[in-house]
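Trainee: Quick one: structure below, then a few questions.
What follows is calculated from the coordinates using simple rules that are stated; it is not laboratory data. Predicted, not measured: the structure shown is a model, and the values here were computed from it. Cβ atoms come from the backbone with ideal geometry, glycine included; neighbour counts cover every protein chain shown.
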């Protein structure tokens, strides 16, 4: 495996000293994949995503990004990693309400040299006409597309999506999944997507199934479903 | 970084009522500082130049010089006090802002911004806010200073009082205050990044909230519906803020009322049991062997030094051998004091320096030191004056017992320097108004500040209950019941805090007034009575009623517009 991007070794996360959310999880992620982390509510999928993406410290274990242990990085180095290499999309959009769409996207990019063109990205996500609007003027689906644009504007190596379609209706959800696949194709971004929806998982290259804080299944998807053909029955 | 600043500052401005109150605070602080300094700085410089060139000042100039000095001390103390209070409020406001915006801040951190970047953006917003506030205060202070200058002109009969400020004062009033507030904001943000970003985004704490001190405390009280108070007091910082607000309100109010009435008290004491028309003084010692045959009071007066622990006071020592209907010294119970061996105190020494009957005073008269016990305290003693038997003072001055250098009389005497009683009182009155003009204006602003603080604290307290209120609404409680459960306990609490902290307020206000009185050298008797307390209670409850009504209207609007979910969702 030469293309290892992210590696988790024996990560454990517990709250209140007794409540285990993740138990000794090992994981290797290669670049350029769309990975679905599938699990019920409370299975630990969001916690795993947060630990892998540096926004939650594990109680024990290590996470390596391109061979470097990111659980031991300084705050400044973690910030730099998030600034340059990691993008996030959350379930509840989390747009900054006082900034326009354009500003909301721009705030996601702190790189001096950036090869992603804002207009082109917005075109791809179908939000070009919304750039001067404020979040309250957008629908949920539009807000989520703006959040994806904000996460991608810096051209991150990995995009972490935590139940990114969880607050959307079926049409909007389908659109978002299609767009994420297009982005993977266009920019080669690795996408890690948590969901409880099996149909979404079917569109992924690799599926990890979590239960009680442990990976109970981890397999490459041999029958990848095209997002356009998803049946939206939850 | 610019976008981060833009977002945070816009989000701050969105909190209109809080920001307006905080802005008013900065304007008040700046206004108080500049309106006094605009009327002092240039004149202080001019008088100092005159002193350097001539070596002395005219009598009016000297009095004005002292008044300027006093005003500088007063405004320094008031500014420090106001800035301390404001710093506490700013700290709590920023803490609350960061807490409420935790999700968005966590989100910003997830984009690769540092905790430091967020803090710097907040500091920058504070700096802008404070600079604008201090500049507004500066402009208002420039115009407001005319009032104080006119008062000074009338009091000291000095022409050529000019308006002006020096660079140092300007920098202190704008940049230094801003720097202090920036440091406070910076301190608020420290530790923000200790929490995991994921938990910040979900607005979650690592540990489940456990019932704490407040719950334990409420459980111990034998009150009905304890849950109301548990809900009201669930946010300890909001409760603490209410306590701080009530204490500040108490201090400011008591101080203001006391300062206002202290002048009246002085005039009252200086007119009590005095029925003479003239105070005649002589440059040389005179002798009259028939002193006891008239109603007139012959006295000996000499300037002496009272030595206290670490302090020396220049005081008039007046020797009397008897009092009469023209002038009678009385104690607190309005009982006449007999002149006997020992010192009769005036209220300043008793109140400001803690001297009492039985204490021994170290006195220096005509270069000789004496230790004399205090035998009584006269409420109507002259300002800066203590009394001893005339015979005793005559001995100290090596004069015979029939000597005198002053007479209190109703007869128009031809010799000596004659001061009418009316002139004497007018001079005292003039000194009182001039020296306390800025103090009273500043204290009035202090009272407004106290009221604003109560408004703010209550608003924060009620806002913290917004979620509970809306949950109660969704549970089917009607408006009246919701108000009873969640708004009324605040009113009860604030009244309880008022009574509990009133002694603290009185104690601190008295301390401040005594300190100011000692520093300025002007005696300001501390004044408080039941009417003051009733007045304070009325104002406090009026404020509570107002805030409660405004808040109830706000809640009603939310419920009518069916926007409960919007306020209840975590995200």
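Trainee: Report the dimensions of segment A:1-109 along its three principal axes from the alpha-carbon atoms, largest first, rounded to Å.
Mentor: Here the Cα extents, ordered largest to smallest, are 42, 34, 29 Å.
Trainee: Can you give me the pair-distance distribution of segment A:104-218, C-alpha pairs, 5 Å bins, whole percents?
Mentor: P(r) over segment A:104-218, rounded to whole percents: 2, 10, 22, 23, 19, 12, 7, 4, 1, 0.
Trainee: Using R₀ = 25 Å, calculate the FRET efficiency as 1/(1 + (r/R₀)^6) where r is the Cβ-Cβ separation of residue A:111 and residue B:194; round to 0.05. Numbers along the way, then the final one.
Mentor: Working: r = 27 Å, r/R0 = 1.10.
In this case the efficiency is close to 0.35.
Trainee: Could you tell me how many cubic angstrom of Cα convex hull volume chain A has per residue?
Mentor: 131
Trainee: Using alpha carbons only, how many degrees (0 to 90, rounded to 10) separate the axis of helix B:488-520 from the longest principal axis of chain B?
Mentor: 40
Trainee: Give the span of segment B:133-184's Cα atoms along each principal axis, as three whole-Å numbers ordered largest to smallest.
Mentor: Principal-axis extents of the Cα atoms in segment B:133-184, largest first: 44, 18, 14 Å.
Trainee: Now for a different question. Using 0.36 nm per residue, how much length does the chain from residue B:143 to residue B:504 gain when fully extended, once their Cα-Cα distance is taken away? Kindly include the intermediate steps, with their values, before the conclusion.
Mentor: Values: separation 361, 0.36 × 361 = 129.96 nm, distance 3.62 nm.
Stretched out fully, the residue B:143 to residue B:504 stretch lengthens by 126.3 nm.
Trainee: Taking the 0 to 90 degree range and rounding to the nearest ten, how far is the long axis of helix A:75-84 tilted relative to the main principal axis of chain A, both from C-alpha atoms?
Mentor: For helix A:75-84, the angle is close to 50 degrees.
Trainee: Just want the ordering: B:428, A:29, B:167, from fewest to most Cβ atoms lying within 10 Å of their own Cβ.
Mentor: Details: B:428 17, A:29 20, B:167 8.
Final ranking by Cβ density, sparse to dense: B:167, B:428, A:29.
Trainee: Quickly work out the residue B:175-to-residue B:515 label distance, labels modelled 7 Å from Cα along the C-beta direction, and quote it in nm with one decimal.
Mentor: 2.8
Trainee: Just the Cα atoms of the protein assembly as shown: what Rg and Dmax do they give in Å?
Mentor: Cα-based Rg and Dmax for the protein assembly as shown come out at 37.4, 130 Å.
Trainee: Could you work out the mean count of beta carbons from other protein chains within 10 Å of each residue's beta carbon in B:7-13? Spell out each step's value before the answer.
Mentor: On the way: counts 7, 2, 1, 4, 4, 1, 1.
Taking all residues of B:7-13 together, the mean is 3.
Trainee: So, one more: What does the extension gain come out to for residue A:62 and residue A:182, with contour length at 0.36 nm per residue minus their alpha carbon separation?
Mentor: On the way: separation 120, 0.36 × 120 = 43.20 nm, distance 3.16 nm.
Net length gain for the segment: 40.0 nm.
Trainee: Now for a different question. Which semi-axis lengths, in whole Å and largest first, follow from the square roots of five times the eigenvalues of the Cα gyration tensor of segment B:446-491?
Mentor: Values: eigenvalues 141, 19, 6 Å².
Equivalent ellipsoid of segment B:446-491: 27, 10, 6 Å, largest first.
Trainee: Could you tell me, in Å, what Rg and Dmax come out for the Cα atoms of segment B:239-352?
Mentor: Cα radius of gyration and Dmax of segment B:239-352 are 20.2, 72 Å respectively.
Trainee: Separate question: Extension gain residue B:418-residue B:153, at 0.36 nm per residue separation less the Cα-Cα distance, in nm? Don't skip to the answer; put the middle values down first.
Mentor: Details: separation 265, 0.36 × 265 = 95.40 nm, distance 2.58 nm.
Gain on extension, residue B:418 to residue B:153, equals 92.8 nm.
Trainee: What distance in nm separates the simple spin-label points at residue B:271 and residue B:554, each placed 7 Å from Cα in the Cβ direction?
Mentor: 4.9
Trainee: Sort B:175, B:462, B:114 so that the residue with the fewest other Cβ atoms within 10 Å of its own Cβ comes first and the one with the most comes last. Working shown, then result.
Mentor: Values: B:175 14, B:462 22, B:114 18.
Arranged by neighbour count, lowest to highest, B:175, B:462, B:114 become B:175, B:114, B:462.
Trainee: Helix-only mean residue ellipticity at 222 nm, chain B, DSSP H runs n ≥ 4 weighted -39,500 (n - 2.57), per residue, nearest 500. What is it? Intermediate values should be presented prior to the final figure.
Mentor: On the way: 19 runs with 359 residues, N = 571.
Here the helix-only value at 222 nm equals -21500 deg cm²/dmol.
Trainee: Using only the Cα atoms of chain B, each taken as one equal point scatterer with no solvent, compute I(q) by the Debye sum, divide by I(0), and report log10 of the ratio at q = 0.11 Å⁻¹.
Mentor: Values, matching the q order: -1.06.
Trainee: Next question, about the same structure. With everything on Cα atoms, drop me the angle between helix B:421-464 and the longest principal axis of chain B, reported from 0 to 90° to the nearest 10.
Mentor: Once rounded, one gets 10 degrees.
Trainee: Using the Kirkwood radius built from alpha carbon pairs, what does the Stokes-Einstein equation give as D for segment B:1-208 at 10 °C and 1.306 mPa s, in µm² per second? Can you show the working numbers first?
Mentor: Working: Rh = 19.3 Å.
It diffuses with D of about 82 µm²/s by this estimate.
Trainee: Within 10 Å of each residue's Cβ, count the other Cβ atoms and sort B:42, A:120, B:390 from fewest upward. Working shown, then result.
Mentor: Working: B:42 16, A:120 11, B:390 24.
Least crowded to most crowded, the residues run A:120, B:42, B:390.
Trainee: A further question follows. Just tell me how shielded B:112-120 is by partners: mean number of partner chain Cβ atoms within 10 Å of each residue's Cβ, no decimals.
Mentor: Working: counts 17, 5, 7, 2, 3, 2, 0, 0, 0.
Per-residue shielding by partner chains comes out at 4.
Trainee: Between residue B:62 and residue B:425, how many nm apart are label points set 7 Å from Cα along the C-beta direction?
Mentor: In this crude spin-label approximation the distance works out to 2.7 nm.
Trainee: What residues of segment B:94-135 lie in the reach of a label at residue B:217, counting those whose backbone N is under 15 Å from a point 7 Å from the Cα along Cα→Cβ?
Mentor: none
Trainee: May I ask for the Kirkwood hydrodynamic radius of segment B:276-409, worked out over all distinct Cα pairs and given in angstroms to one decimal? All intermediate terms of the calculation are to be shown ahead of the outcome.
Mentor: On the way: mean 1/r = 0.0668 Å⁻¹.
It works out to 15.0 Å.
Trainee: Take the Cα of residue B:69, step 7 Å along the line toward its Cβ, and report every residue of segment B:514-533 whose backbone nitrogen sits under 16 Å from that point.
Mentor: B:516-523
Trainee: Just report the Cα centroid separation between segment B:105-183 and segment A:92-152, whole Å.
Mentor: Here the answer is 38 Å between Cα centres.
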